[in-house]
Structures are given as C-alpha cells and as structure tokens.
Number of protein chains: 2
Amino acid sequence: MPAIERFAKYLSENRLKMTRERRAILADVLSVRGHFDVDDLLARLRRSGHHVSRATLYRTLPRLVESGLIHKVEMVDGQARYELMIGRHHHDHMVCLRCGTILEFESPEVERIQEDVCRRKKFVMTGHTHQIRGYCVSCAGDDRARALDSRGSNVAGRSRAGAGGARAGGRTGP
Amino acid sequence: MPAIERFAKYLSENRLKMTRERRAILADVLSVRGHFDVDDLLARLRRSGHHVSRATLYRTLPRLVESGLIHKVEMVDGQARYELMIGRHHHDHMVCLRCGTILEFESPEVERIQEDVCRRKKFVMTGHTHQIRGYCVSCAGDDRARALDSRGSNVAGRSRAGAGGARAGGRTGP
DNA sequence: GGATAATTGAGACTGAGTTGCAACTAGGAA
DNA sequence: TTCCTAGTTGCAACTCAGTCTCAATTATCC
C-alpha cells in the first residue's frame with residue numbers, strides 16, 4: 001500500500017483528519033533518505049514553500065510513528081531523530097561522536113538474547129534502544145577525537161547553523 | 001583503595017581541589033544502593049544538612065564519573081541517572097515504563113557481538129547504551145500498561161513530587 | 001601566612017519539546 | 001451543496017534538564 005494511503009487509513013481509523021499540513025509533512029518525510037531531525041524537516045518544508053509550524057510538526061511526527069511509516073530514534077544525547085521505516089525491518093545504530101554520522105546494524109542474535117533475558121526476569125519487553133557510541137572510520141584517526149565519550153558528547157546537530165533562528169516560540173528573557 | 005582516597009587521587013592528578021561540597025556529594029553517593037538522579041541526590045543532601053547547589057552537583061557528577069566511582073546511565077526518556085560502580089562491572093538496563101523500576105542485566109555475548117559489528121564497520125567503539133523498555137512483573141498484568149511505548153513513555157521520575165520546588169534556578173515567567 | 005588558581009552559589013539562559021487557546025477546516029450528516 | 005462540529009493549526013507562553021556567567025570564596029602550593 002502506498003504510504004499516503006496507509007497514512008490516510010491510519011488517520012480515518014483513528015478519527016483523525018488528513019490536513020494540508022500532514023500531507024506536506026508526509027511528502028517531505030518520504031523524500032528523505034537516512035535520518036533526520038525536526039529542524040531538518042522544518043527547514044526543508046520552509047524551503048519548499050510549506051508553512052508548517054513547529055508545534056504541528058511535533059504533533060504530527062508521533063502520528064507517523066504510530067502509523068508505522070517512520071521510526072523514532074531516541075538519541076542518547078537527547079536529540080530525537082527519525083527515519084523512514086517503509087520496507088525495512090528493525091535495526092540499531094552506531095553514532096559517531098565527532099561528525100554525527102549514524103551507521104546501522106542489525107543482529108538477530110542480540111534480539112534473541114534480549115528475549116532470553118526478559119523471559120528470565122519475567123519482563124514484558126515492548127521495545128529497546130541499542131546504541132553504540134564511538135568514532136567512524138573518517139573520524140577515528142583524528143587526534144581530537146579522544147576522551148569525548150562519557151563526559152558529554154558533542155554530537156553534530158548541536159552546532160547546526162541557523163536552527164535557532166527558525167524557532168517558532170519566543171523567548172521570555174530581555 | 002577506599003573511594004574517598006581514589007577520588008582524592010583523581011582530583012590531585014587533575015589539579016582539582018577536594019572541597020567540602022565534593023566530599024559531601026561523594027559521601028552521599030556512597031550511601032545509596034541502586035540508581036539515583038540529580039534530584040534524589042540533592043534532596044538527600046539537603047536533608048542531611050549540606051547545602052550544595054544544583055550547579056555544583058551538575059559540575060561534580062562528571063568528575064565522579066571520570067574518576068570511575070560512578071556511572072552515568074543516559075535514560076532514553078532524557079533523564080540521566082547514576083549508579084555506584086565500585087566493585088561492579090559493566091551491565092545494561094531494563095526500564096519499566098509504568099513504575100520506573102530499573103532492572104539490570106549483563107551479557108558478554110552482546111558485548112562480543114558489538115565488537116564484531118564495530119570491527120566489520122571499522123567503527124571505534126568508546127561506549128554503548130542498551131536499554132530494554134517494557135513492564136516489570138508487577139506492572140505487566142495491569143491493563144493500563146498497554147500501548148504506552150513508542151508514543152512518549154511516561155516513566156516514573158517525571159512525576160516525582162517536590163522536584164520542582166527544590167530547583168535552585170528561578171523561572172522567568174510571571 | 002600569602003598568592004592564586006580552582007570552586008562555589010545564584011540566577012539567567014538554552015534548547016528540545018509541550019500546552020492553552022482562539023481561529024480555522026475536514027469531512028460526515030442533512 | 002450547505003451546515004455542523006470535532007479535530008487541527010499557529011502562536012506564544014511554558015516546562016524541564018542541564019549549562020553558563022560572574023563575583024565572592026577557598027583549597028593548596030610556595
């Protein structure tokens with residue numbers, strides 16, 4: 001089933017409406033390969049002439065997650081990212097602490113071990129997060145890429161230029 | 001080596017000072033079993049008559065982590081927790097989405113798989129996070145404990161009473 | 001007993017995400 | 001097609017964990 005149709009189905013099943021904004025967001029999400037965050041998405045929407053507020057975006061993303069079209073990757077540094085899930089199955093991530101690159105890996109063996117552990121502890125698993133932190137090939141050689149872990153990672157994304165300027169909400173300060 | 005001595009060694013090696021506040025924090029940390037967060041720690045310190053500011057606590061915790069005495073557990077819901085590491089080795093966590101209970105598990109097999117994956121992708125691992133979300137035995141039977149995952153977990157800790165009142169910093173709003 | 005570099009507390013600030021509210025709109029009923 | 005209404009939107013204020021600045025204080029070296 002095409003993504004738009006699948007989303008429409010999800011919406012109507014939940015008595016939700018297919019709005020112009022939701023259509024624009026879905027279209028944009030479908031056009032991206034790899035991982036993206038809210039600011040990426042918002043910037044792209046603006047560039048393509050759609051006005052969608054930050055609040056609406058934050059309200060729509062969980063709908064897309066629930067409909068199974070995208071997946072939320074809760075980055076350990078606190079910044080959430082998303083990725084298209086259509087035609088893919090579960091995988092986990094390796095995050096470069098220097099350049100922010102995200103690599104993917106999957107391991108049925110780890111999944112099996114998890115299930116074992118849960119069975120032993122009578123824990124009902126509903127999800128999991130497995131992230132490996134470190135340095136990708138291109139960053140590993142760099143001298144400065146040392147001793148950054150466990151003392152506050154400076155993963156790329158924090159330094160994205162212009163992200164703040166695009167914020168919708170105002171600040172209270174002087 | 002006793003913890004206090006180990007911390008003193010770490011401090012002097014890094015040209016840092018052993019202050020009254022750091023001593024109080026360490027003493028408190030050593031007295032806890034299980035996981036704790038900044039608010040827990042701050043509340044206990046206040047109760048035991050020590051005035052240590054939130055800022056100082058946030059500045060000291062990374063020192064304790066670097067000295068190897070405690071370990072930071074970056075919870076996927078964004079709230080960091082800590083745990084004493086003395087005499088323990090690496091393990092990962094299962095978090096109950098309903099009551100916030102944290103169970104521990106260790107799996108050398110998973111560690112081995114991780115290393116394999118990294119070797120294959122030429123990724124230099126410096127750390128990892130592996131968390132299983134779900135419901136513990138006592139919560140798993142509860143009807144309301146359904147469909148909470150992946151749409152914003154309401155893990156306990158958000159609802160901790162009095163946490164806000166203990167904050168040091170002021171709010172800007174009316 | 002200084003000198004001085006590290007440390008502290010208070011509170012302003014940051015940044016991701018949430019919420020209340022009035023105006024707007026999708027889409028089923030008439 | 002028009003009407004009705006529950007769902008949606010944008011805005012701005014707010015929340016919350018964590019960081020930063022700065023003047024005053026203090027542990028440690030000499």
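Worth a mention:
- Test for B:Cys96: is it surrounded by fewer than 19 Cβ atoms within 10 Å (Cβ to Cβ) and modelled with pLDDT under 95: no
- Checked against the criterion of being more than 11 Å from DNA strand D (Cβ to nearest atom), facing another protein chain (nearest Cβ under 7 Å) and at pLDDT 90 or above, the range B:147-167 contains not a single residue that satisfies it.
- Residues that are over 20 Å from the mean Cα position of the chain (by Cα) and not in a helix (DSSP H, G or I) within the range B:109-134 comprise B:Lys122, B:Phe123, B:Val124, B:Met125, listed in sequence order.
- Scan of the range A:45-70 for residues that are within 14 Å of chain B (Cβ to nearest Cβ), within 11 Å of DNA strand C (Cβ to nearest atom) and open to solvent by less than 70 Å² (accessible area, probe 1.4 Å), ordered by number: A:Thr60, A:Leu61, A:Pro62
- The range A:20-36 - residue that is surrounded by fewer than 17 Cβ atoms within 10 Å (Cβ to Cβ) and within 14 Å of DNA strand C (Cβ to nearest atom) and, of those, nearest to the other protein chains (Cβ to nearest Cβ): A:Arg23
- Condition met for B:Leu16 (within 16 Å of DNA strand C (Cβ to nearest atom), modelled with pLDDT of 95 or more and surrounded by fewer than 18 Cβ atoms within 10 Å (Cβ to Cβ)): yes
The values are calculated or read from the model by the stated rules, or taken from the named source; none is laboratory data. What you are looking at is a predicted structure, and each value in this text was computed from that prediction instead of being measured. Cβ atoms come from the backbone with ideal geometry, glycine included; neighbour counts cover every protein chain shown. Note: areas computed on protein heavy atoms with side chains; ligands, DNA, RNA excluded. Shrake-Rupley method; radii C 1.70, N 1.55, O 1.52, S 1.80 Å.
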